[in-house]
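Quick notes on the structure that follows.
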Amino acid sequence: MSRGRELKLEGVLAAVVTPNRPGTLEPDFTGLMDLMDLVAAGGVDSICLMGSTGEFINYSNPDRMKALYLAVKRSKVPLVAGVGHTTLRGAVELAEDAVGSGASGLLLMPPYFFPYQQPEVEAYCLAFAREVGKSLPILLYSIPQFTSPLGFETAKRLLDTGLFAGIKDSSGNWDYFSQLLAYRENRSFALFAGNDRIALRALQAGADGVLSGCASAIPEVLVRLYKTAKAGDTHAAARAQATLDEFIEQIERFPVPVGIKRAIELRGHKAGDLACPLAPETAAKLEEYAAWFRNWVTGAVSS
């Protein structure tokens, strides 16, 4: 069994896109390795593969496994493997491979597409953790935009088992996040902001870090935000969040993760074809965005 780098349950974790080979449904493994170099050079603490930003739903389990195997060999930082799947068996298969490949952690979302009630979400997560064991830290993943919700009471019960190392909340719901913060005062688990809109607020309130899709394209900004926030430099942190907000305002005009992938291309790295074609008016907006990004990025990443 390979032994991965130890995962620090803090800092900036970059959720990277998955470049694909043009005209195919296969990952561009070379492009992915180059992108990981860019992100690691930006100063992130860890990289997450095949999360939502990585469009894991578009790839087969064997392709996801191969991407992780190659990434572990290449990466300069610990890797977290997204194991999202519509079935328990599929998620466990991905996790077992990740353990053997040398990953440093696992990111588990509730099952997606078919809606499940909270008892089933809880049963799914518990069964996964018990089958996989404690070989790697498991982060729960709340992203109700795309999956069955992971309710606060459900998250509490799961975290209380000791089977999960922490949780990434991408809901953007501050009330939910603040409940997790309050609950953690008497518990030991890592809490990551997964919605970049609340990154600074979350860090100032005591979050351990951010697990960010934007860090796939502009890792330097997220790292600057994290470091200044943790250092108590409120003015510099606010400037970093303002820079991040400028980027978010632009990419929110497009389907996820179109804006992030275009930014990566504009920084000289492969991103591959879009999963679905854009309407002509959206494609025109994307070109406007590209012109904006070219003028914006140098100052943004070096500020």
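Rule-based calculations on the coordinates, nothing more; no lab input. Computed from a prediction, not measured in an experiment: that's the story for all the values here. Heads up, the Cβs are rebuilt from the backbone with ideal geometry, glycines too, and the neighbour counts pull from every protein chain shown.
Pairs of Cα atoms nearer than 8 Å and 6+ residues apart set the relative contact order; for the chain it is 19 percent.
Rounded to the nearest 5, the antiparallel percentage of DSSP beta bridges internal to segment 103-214 is 5%. Where both bridge residues fall in the chain, DSSP classifies roughly 5% of the beta bridges as antiparallel. Kindly provide the helix-only [θ] at 222 nm of the chain, computed as the sum of -39,500 (n - 2.57) over DSSP H runs of four or more divided by all residues, to the nearest 500 deg cm²/dmol? Dividing the helical sum by the residues of the chain leaves -15000 deg cm²/dmol.
The label point for V256 and the one for K73, both projected 7 Å from the Cα toward the Cβ, are 3.2 nm apart. Listed by chain and number, the lysines placed with their C-alpha closer than 21 angstrom to that of K285 are K261, K270; residues fewer than eight positions away on the same chain are left out. Ranked for footprinting exposure by Cβ neighbours inside 10 Å, fewest first, S60, S171 give S60, S171. Averaging the Cα positions of each part gives two centres, and for segment 244-272 and segment 125-176 these lie 28 Å apart.
Site pair A290 and E185 shows an inter-label distance of 5.1 nm when each label is modelled 7 Å from Cα along Cα→Cβ. With θ taken as phi - 60° and the Karplus curve 6.51 cos²θ - 1.76 cosθ + 1.60 applied, the whole-hertz 3J(HN,Hα) list for segment 292-301 is 4, 5, 4, 7, 8, 5, 4, x, 5, 7 Hz, x standing for glycine and proline.
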